Amino acid sequence: MNGELVKIQKEMERFHQKVANAVIPLYPGIELCYLTFSTDSFSVQHKALSHIIQINYCKAGQMMWEMKNGNRIYLNPGDFSLHTMKACTDSVLTFPNGIYQGLSIYIDLQEVSDHPPELLKGSNIFETILPEKFCRNDSPVFLAGNEQTESIFSAFFNQPESLKLPYQKIKTMELLLYLSKTELTSSQQLSEYKAEQIRIIREIHDQLTRHMEQRITIEELSKKYLINPTTLKTAFKSIYGTSIAAHIKEHRMEQAAKMLKETDKSIAEIARAVGYDSQSKFTAAFKTYFKVLPKEYRKK
């Protein structure tokens, strides 16, 4: 198993990816790898291995997976996926933000079934639960994170050096126990988006960022682009990683900061240009975002 992972790592390096740490053996047949990428995409080529399951967790950035039917799924911070290493043969993964940080856990079902961790002996996690519940017919599963999974995954990071391996082992066991008891429902799974849906969401994004002086409501966008308001909000958050309100506010603040640096316009004029009728509301929002008042930002 380790030879295949080394091959994958070399393939990543060939495309100028940065693998933060080496593969870490946890139990016979179970290995962990922390990943940090600074790239737009990478191509992975390896043997079709149905007996090896990969669990991916997104800590920061975003990963976009293009399905065989052409639909796309977005893995955002807190989300995770499970798939066999047959599902990702000759695949291209895209990082829309240009960065990605997370971890991968590799489980060799053949090896771990012969030598299971003591705590999981007789549990059937490796014989039936993982392959049949989550990876049936080599189809990948993408799951939205929740409070419990975030508690598990977050503990893989920022631990004292002397305690890293114990935490990695314990949290891997906890994750497997969680997966064994959870019922896989459609509400837990991340949505797939067709190319046309993504095109519409990107058009909406471009309209909002080009006309920041306007306050366009979800209802107005829904009517104009003939898209259900709930679908609009959900799809936008999946594709851009944040809600419409949070994303556009970030653009407004960054544009305001640029205007403060590069123009002589008054704060009131800048406020109107980025969609604030009230200078006081703009000032409060700017201070919350940048931790300084607009006047102070301009001086600095």
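The values are calculated or read from the model by the stated rules, or taken from the named source; none is laboratory data. As the structure is a computational prediction, the values presented were derived from the model and not from experiment. Virtual Cβ from ideal backbone geometry, glycine too; neighbours counted across all protein chains shown.
Can you work out which of the residues in segment 156-190 that are of a type in the set (Phe, Trp, Tyr) and assigned to a loop (DSSP other than H, G, I, E, B) is surrounded by the most Cβ atoms within 10 Å (Cβ to Cβ)?
Taking segment 156-190 as the starting set, the residues that turn out to be of a type in the set (Phe, Trp, Tyr) are 156-157, 167, 178.
Applying the additional criterion that residues be assigned to a loop (DSSP other than H, G, I, E, B) yields 156-157.
Values: 156: 20, 157: 14.
Checked segment 156-190; the qualifying residue surrounded by the most Cβ atoms within 10 Å (Cβ to Cβ) is 156.
Does residue 268 meet the test of being among the small types (Gly, Ala, Ser), in a helix (DSSP H, G or I) and surrounded by fewer than 17 Cβ atoms within 10 Å (Cβ to Cβ)?
Details: among the small types (Gly, Ala, Ser): yes; in a helix (DSSP H, G or I): yes; surrounded by fewer than 17 Cβ atoms within 10 Å (Cβ to Cβ): yes.
Yes.
Kindly evaluate residue 130 against the criterion of being modelled with pLDDT of 95 or more, among the aliphatic types (A, V, I, L, M) and closer than 30 Å to residue 67 by Cα.
no
So the check is Cβ under 6 Å with 6+ separation or different chains; which pairs have a first residue in segment 71-83 that's at negative phi and a second one that's basic (Lys, Arg)?
71/194
Every residue, every condition in (1) in contact with a Lys or Arg (Cβ under 8 Å, 6 or more places away or on another chain); (2) closer than 24 Å to residue 142 by Cα; (3) at pLDDT 80 or above, yes or no:
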| residue | (1), (2), (3) |
| --- | --- |
| 1 | no, yes, no |
| 9 | no, yes, no |
| 30 | no, yes, yes |
| 33 | no, yes, yes |
| 37 | yes, yes, yes |
| 48 | yes, yes, no |
| 52 | no, yes, yes |
| 56 | no, yes, yes |
| 62 | no, yes, yes |
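Looking at 277, 206, 264 in this structure, which one is closer than 25 Å to residue 96 by Cβ and charged (D, E, K, R)?
Testing whether each residue is closer than 25 Å to residue 96 by Cβ and charged (D, E, K, R) leaves just 206.
So, in segment 110-155, of the ones that are over 26 Å from the mean Cα position of the chain (by Cα) and on the phi > 0 side of the Ramachandran plot, which residue ends up surrounded by the most Cβ atoms within 10 Å (Cβ to Cβ)?
Of everything passing the filter in segment 110-155, 124 is surrounded by the most Cβ atoms within 10 Å (Cβ to Cβ).
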